C-alpha cells in the first residue's frame, strides 16, 4: 500500500462497518488504493482510528464485490480490471440502467422530468471530457434509480454500484462514438419528454449494445 493513506473516520459514524466499507471502497475507486496494492487490516485500522474488526468485515464485503482478493494469512490486495471484467460490467450496467429508465420515466412528475432532461443535456456537453462524463453518468443512473420508487431495486444496486464505478472508470471503446452517444441521448430525451418508459428502456439497451 505504498504512498496511500486514509484519513481517520469521525467518531460519530453511525454504522462503523459501513463507514469503513465506504472509505476503503472509495479509495479503490479513485485510485488511492491502486490495482495490486496490498491492504493490511492493522494499518488501515490505525489510519482510520478504528479496531480491526470493522476493517475485516469491510474487506470481506469488498472481496464479494471483486474489488479485493484475499488469501488467508498471506495477503489482501486490490484486484485488476481486466478487459473481460470491464465488458461484463458494461453489460450489467446496461441492463440495470435500462430497467431503471423503464421503471422511472412513467413515474416522474413534471419537476423530475425537467431535471432528467437537464441531466441528459449535461451528459451531451461532457462527451469529450471522460472524467466529468463518467461522474455525471453515475449521478444520472442514481437519479433514475431513485425515481423507480422501488426499494428492492435500490437495495440491489446500492452496494454493487461501487464495483461498477471502479470497473467502468475511464474511457472504453464500448461507450461508442460521439455521434452514437449524441443520437442515443436525443432519443432518450424524446422518450423522457413523452413519459414513455418502454422507449426509454429500449434506447438505453441500444446505448449499451443490448439490442431492443
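The values are calculated or read from the model by the stated rules, or taken from the named source; none is laboratory data. Bear in mind that the values here come from a model prediction, so they are computed numbers and not experimental data. Reconstructed Cβ throughout: ideal geometry from the backbone, glycine too, with neighbour counts over all protein chains shown.
For this structure, a couple of remarks:
- If you go through segment 25-43 and keep only what is over 20 Å from the mean Cα position of the chain (by Cα), part of a helix (DSSP H, G or I), surrounded by 14 or more Cβ atoms within 10 Å (Cβ to Cβ) and free of Cβ contacts under 8 Å to residues at least 40 places away in the same chain, you end up with just 41.
- Just one of (1) closer than 22 Å to residue 61 by Cα; (2) surrounded by 14 or more Cβ atoms within 10 Å (Cβ to Cβ) fails for residue 143. It is (1).
- Filter result for residue 165 (exposed (fewer than 14 other Cβ atoms within 10 Å of the Cβ) and assigned by TED's automatic domain parsing to the domain that holds residue 93): no
- Close pairs (8 angstrom Cβ cut-off, 6 or more residues apart or separate chains): exposed (fewer than 15 other Cβ atoms within 10 Å of the Cβ) in segment 183-204, assigned to a helix (DSSP H, G or I) anywhere: 190/199; 193/113; 193/117; 195/105; 195/106; 195/113; 198/102
- So residue 28, is it touching a strand residue (DSSP E or B) at 6+ places or on another chain (Cβ under 6 Å) and not assigned by TED's automatic domain parsing to the domain that holds residue 157: yes
- Residue in segment 78-101 that is within 30 Å of residue 201 (Cα to Cα) and touching a strand residue (DSSP E or B) at 6+ places or on another chain (Cβ under 9 Å) present: no
- Residue count, segment 183-198 (criterion: closer than 16 Å to residue 125 by Cβ and out of contact with any helix residue (DSSP H, G or I) (no Cβ under 6 Å at 6 or more places or on another chain)): 2
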